[in-house]
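First up is the structure itself, then whatever we jot down about it.
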Amino acid sequence: MCLDKGYDYDEVRELLREFGFTAHVRSRGEEAQWLKRSAQHKARRWVVERTHSWMNRFRRILIRREKKPEHDMAMLHLSFAIITLRCAEVLSG
């Protein structure tokens with residue numbers, strides 16, 4: 001299981017071991033030390049965090065007023081399509 005440095009605690013590692021997961025947890029300060037050695041690289045956000053940030057720009061998804069789950073899923077699909085088109089530079093923001 002890949003986790004960020006917010007989960008770098010012995011209790012979390014023990015819980016992962018208990019459930020049979022292999023922990024891939026970046027230690028606190030590990031990325032900062034790596035960035036100091038190679039100054040040309042910037043800090044990176046995880047793909048999931050970045051995608052959630054993009055999804056938060058769609059108010060209709062953020063509030064979730066849809067009564068039917070099908071409508072909610074349709075809005076999710078539409079937002080992902082818009083995000084994908086923007087990343088491919090087909091659609092301007």
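The values are calculated or read from the model by the stated rules, or taken from the named source; none is laboratory data. Nothing here was measured: the structure is a model prediction, and the numbers come from that model. Every residue, glycine among them, receives a Cβ derived from its backbone with ideal geometry; neighbour counts consider all protein chains shown. Please note that ligands, DNA and RNA were not included when accessible areas were found on the heavy atoms of the full protein model with its side chains. Shrake-Rupley method; radii C 1.70, N 1.55, O 1.52, S 1.80 Å.
Look at residue 40 and say whether it is at pLDDT below 80, polar (S, T, N, Q) and assigned to a helix (DSSP H, G or I). Talk me through it step by step, then tell me what you get.
On the way: at pLDDT below 80: yes; polar (S, T, N, Q): yes; assigned to a helix (DSSP H, G or I): no.
Criteria not met by residue 40.
Yes or no, residue by residue, for (1) surrounded by 10 or more Cβ atoms within 10 Å (Cβ to Cβ); (2) at pLDDT 80 or above; (3) assigned to a helix (DSSP H, G or I):
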site: 45; (1), (2), (3): yes, no, no
site: 54; (1), (2), (3): yes, yes, yes
site: 57; (1), (2), (3): yes, yes, no
site: 71; (1), (2), (3): yes, yes, yes
site: 80; (1), (2), (3): yes, yes, yes
site: 84; (1), (2), (3): yes, yes, yes
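Hey, could you check segment 59-69 for residues that are more than 21 Å from the chain's Cα centre (by Cα) and open to solvent by less than 100 Å² (accessible area, probe 1.4 Å) and say which is modelled with the lowest pLDDT? Walk me through it before giving the result.
As a first pass, look at segment 59-69 and keep what is more than 21 Å from the chain's Cα centre (by Cα): 65-69.
The next check asks that each one be open to solvent by less than 100 Å² (accessible area, probe 1.4 Å); those that pass are 66, 69.
Working: 66: 77, 69: 86.
Among those that are more than 21 Å from the chain's Cα centre (by Cα) and open to solvent by less than 100 Å² (accessible area, probe 1.4 Å), it is 66.
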